[in-house]
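Read the structure below first, then the notes.
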Amino acid sequence: MSRHAASRLHVFEPSDAPPQLTVGIHEALKKAILEGRLRPSERINQEQIARELGVSRTPVREALQCLARDGLVDLQPRRGAFVSAFDERDVFEIYNLRELLEPHAAARACLLATPADVAALRRLEREIEQASTSDMELAFALNRDFHHRLCRPCENRLLMTLLDTVWSQQSALRIFTYYQRSAEATAQTNAEHHAIVEAFAARDPEHVRELVRAHISGAHQRVVELMADSEAAEIVVKTVGA
């Protein structure tokens, strides 16, 4: 890890290190990864982190093992720890499946939804708008809950199981946080969510279907464009099989 990359990890002063070292280091590293201060495929220097925090390498190693279980870090024998990357295949598979499944589920759901279902969607829409963009984990969780709630009244358990599998992919959080870092993207997402909720409340299945399809397709296209950008490509794209 470069000197510049290491300095971005200076989260705690040694005297401020929390009693539960592993938990504190885990949260600090996760935040650095989700905010993009630690970049996909970047090597994480355990010794440097331990020196900055004034701790032994043991809690750092334990924190990295937890992050590996979270899917945020790759532990490679004899090479060390690296920030997990995602590629165009990950992006395509997630958005392609969502575009195939969600428009149909949401269109059917709006016809079967109760007033409580509509109220829950409106509440989630407000919570998403009010959520701080600095807490990407919360923003992702609220967005996932919104889409789950949008489709849940479709009364197709197998379809919901498939969607839950797609939404829970390890790379889904990384892709979301990469896309949602800009205020423009956040505003666009909020506007599209509002339009979807209004069509859902009006029980207009074809309008819901088209809005959800356009919402997912548009997000997919914007992520691909970001990854194709020459500067972004240097940071986030890992070639298949590298």
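Some points to look at:
- For the chain, the relative contact order is 24 percent, taking Cα pairs closer than 8 Å that sit 6 or more residues apart in sequence and dividing their mean separation by the residue count.
- Entry for Rg/Rh (Cα atoms, Kirkwood Rh) (calculated from the structure that is shown) out of (i) 0.97; (ii) 0.94; (iii) 1.03: (iii)
- Over all other residues within a Cβ to Cβ distance under 12 Å of E47, the charged ones net out to +3, with Lys and Arg as +1 and Asp and Glu as -1.
- Around the amide H of S41, modelled in the peptide plane, lie the amide H atoms of V83, S84, A85, all under 5 Å away and 5 or more residues distant in sequence or on another chain.
- Dividing the helix sum by the residues of the chain, where each DSSP H run of 4 or more adds -39500 (n - 2.57), gives a mean residue ellipticity at 222 nm of -22500 deg cm²/dmol.
- Summing charges over neighbours of A120, with a neighbour being any other residue whose Cβ is under 12 Å away from its Cβ, gives +1 when K and R count +1 and D and E count -1.
- The ranking of C66, C154 from fewest to most other beta carbons within 10 Å of each one's beta carbon is C66, C154.
- Rounded Å value of the spacing that divides the Cα centres of the stretch 47-119 and the stretch 135-162: 15 Å
- Springs join every pair of Cα atoms under 10 Å in this Gaussian network model of the chain, and among A113, A185, A172 the largest mean-square fluctuation is at A185.
- Given the chain, longest segment not containing exposed loop trypsin sites (Lys or Arg not before Pro) (DSSP; at most 11 other Cβ within 10 Å): 80-242
- Considering only S217, S182, S41, the mean-square fluctuation computed in a Gaussian network model of the chain, springs between alpha carbons under 10 angstrom, is largest for S182.
- Semi-axes of the equivalent ellipsoid of the stretch 43-84 are 17, 11, 8 Å, computed as sqrt(5λ) over the eigenvalues of the C-alpha gyration tensor in descending order.
Just so you know, all these numbers are worked out from the coordinates, no wet-lab data involved. Every value quoted in this text rests on a predicted model; they were computed, and no experiment measured them. Please note: Cβ atoms are built from the backbone with ideal geometry, for glycine as well, and neighbour counts cover all protein chains shown.
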